Amino acid sequence: MKVVISGFYGLGNTGDEAILESIVDNLRSEVPNIDITVFSLSPEQTARAHNVKTVYRAWRRENKEKIKVLRNADVLISGGGGLLQDTYPTKFLFGPLPYYLIIAMLAKICGARVMFFSQGIGPVTSSWGKFLMRRFANKADFITVRDQYSKDYLHELGVTRPKTVVTADIVFAFQKKEDQACLQSLNLTGSEKLLAVSVRPWFEHSDYEDKLASALDELIEIDGVTPVFVPMEGHHDVDASKRVLQKMKNASLCHLLSGDFTPNQYLNFIGGCAATVGLRLHSLIFSALTAVPHVGISYDKKVESLLKRSGMWEYSFRLEDLDRDQLVENTRYVLNNRAELSTKVAQNAAVMRDEAIENIELLKKYFM
């Protein structure tokens, strides 16, 4: 079976790279003689990391190669992740939404079938974006989405023709390998109560950095935690972490991981922490995967949906409603009730793991 994978790959986003690793590992485990090609912005790096064939993903070059591999493909996997949205500027043929839909249509023209795979849909707010979704997303052969909200939103957008099944983020089927590179990079004694912290740039609500900094200072002073900032998207999250640290009195008692560890290394690190406070969706997914209780700060429906499914929403916040004192109280509760909450998270994650694997089972059922 020849598969082409199209997504936000080769751009240094830990969540998206975890998605790719999970797709590739599970395809190899479940599909005999699988032949995988990935469209990547860093094709050489992606080829080395995953032992796959690659083609440069953008339109600046290798367009003949794109057509060639799609003509030879049995199926295009578009996903996973939040590809079909127009939050970023969307022009006539430029922006994430037109790009992924054009790749899907090109695959159909070349004779390949198309599966939108483990996707979170939206937001799609522009008239042009809505037209593109109605016109082109309806041409897909099969769709899996990672939450009920995405399925309902597709129907609101008029995408009703392909069979659509709610599964879970494919990262819940991530095949963890032991690797303590993150932990070994830090100057720790081994007795610390580690608190993983994941932040990201979000300038509409940049005051969250002040609230988080103050809350972390109190947690250090009262509970003796050691916050470790885990940057999930390279220098963007490193810079956001440094801004929070600059606002802290106890910054010298914190640590900041470098932004170039692999998804598997970050997953192993988060799995060794007492709890997580995070914005990035996949920092929270990594926490759920390793049964680490987590306090989420949701900037998007996809984050809120995950927190509800992991069982940690009652301790979490919408970004615009973040309260500094409540953040301290909730995090302290999570730390003090870790064992009970860890069991709850593990049970919910096990359900989502089964649903994540269903993405692969459905691909086999409908495309093999």
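Brief remarks follow.
- Look at the dipole of the chain built from charges on Cβ: of ILE5, ALA112, PRO293, the Cα furthest out on the positive end belongs to ALA112.
- Label-reachable residues, region 180-217, where backbone N falls under 19 Å from a point 7 Å from ASP260's Cα toward its Cβ: 180-187
- For region 222-272, the relative contact order works out to 46 percent when only alpha carbon pairs closer than 8 Å and six or more residues apart are counted.
- Charge dipole of region 2-166 about the Cα centre (unit charges at C-beta), most positive-ward option of LEU70, PRO32, SER22: LEU70
- In this structure, the amide hydrogen of VAL38, modeled 1.01 Å from its nitrogen in the peptide plane, lies closer than 5 angstrom to those of ILE5, LYS53, THR54, VAL55, counting only residues at least 5 positions away or on a different chain.
- The figure for LEU106 is an accessible area of roughly 40 square angstrom, using a 1.4 Å probe on the protein chains alone.
- R0 of 22 Å, Cβ-Cβ distance ASP323-GLU221: FRET efficiency to nearest 0.05: 0.70
- Cα gyration tensor shape for region 40-101, rounded if a/c is under 1.5, else prolate or oblate: prolate
- For MET368, the solvent-accessible surface with a 1.4 Å probe is about 120 Å², rounded to the nearest 10.
- Along each principal axis, Cα extent of region 1-81, largest first, Å: 34, 29, 22
- Convex hull (Cα only) mean projected area of the chain, reported in nm² to one decimal: 17.2
- Look at the alpha carbon pairs under 8 Å that are at least 6 residues apart: their mean separation over the length of region 35-191 gives a relative contact order of 17 percent.
- Between helix 96-109 and the chain there is an angle of about 30 degrees, using the helix long axis and the longest principal axis of the Cα atoms.
- Flagged links, alpha-carbon separation over 20 Å, of LYS2/LYS364; LYS301/LYS364; LYS66/LYS302: LYS301/LYS364; LYS66/LYS302
- Antiparallel DSSP beta bridges within the chain, percent to nearest 5: 0
- Dipole of the chain computed with +1 at Lys/Arg Cβ and -1 at Asp/Glu Cβ about the Cα centre; of PRO263, SER127, GLY311, farthest Cα towards the positive end is SER127.
- The chain, dipole about Cα centre (Lys/Arg Cβ +1, Asp/Glu Cβ -1), debye to the nearest 20: 1800
- Cα long-axis angle, helix 14-30 against the chain (0 to 90 degrees, to the nearest 10): 60
- For region 251-267, backbone phi angles converted through the Karplus equation (6.51, -1.76, 1.60; θ = phi - 60°) give residue-by-residue couplings of 4, 5, 9, 10, 10, 10, 5, 6, x, 10, 7, 7, x, 5, 5, 5, 4 Hz, Gly and Pro being listed as x.
- A 1.4 Å probe, protein heavy atoms only, puts the accessible area of ARG146 near 20 Å².
- Taken about its Cα centre, region 164-279 carries a charge dipole of roughly 160 debye when the Cβ of each Lys and Arg holds +1 and the Cβ of each Asp and Glu holds -1.
- Pairs of Cα atoms in region 243-368 fall into 5 Å distance bins, from 0 up to the last occupied one, in shares of 2, 10, 17, 20, 20, 14, 8, 4, 2, 1, 1, 0 percent.
- Cα-projected label distance for ASN187 with PHE203, points at 7 Å along beta-carbon direction, nm: 3.5
The values are calculated or read from the model by the stated rules, or taken from the named source; none is laboratory data. Just so it is clear, the model here is predicted, and its values are computed rather than measured. No Cβ is skipped: glycine too gets one built from the backbone with ideal geometry, and neighbour counts run over all protein chains shown. When the accessible area is computed, the model is the full protein with side chains, heavy atoms only, and any ligands, DNA or RNA have been set aside. Shrake-Rupley method; radii C 1.70, N 1.55, O 1.52, S 1.80 Å.
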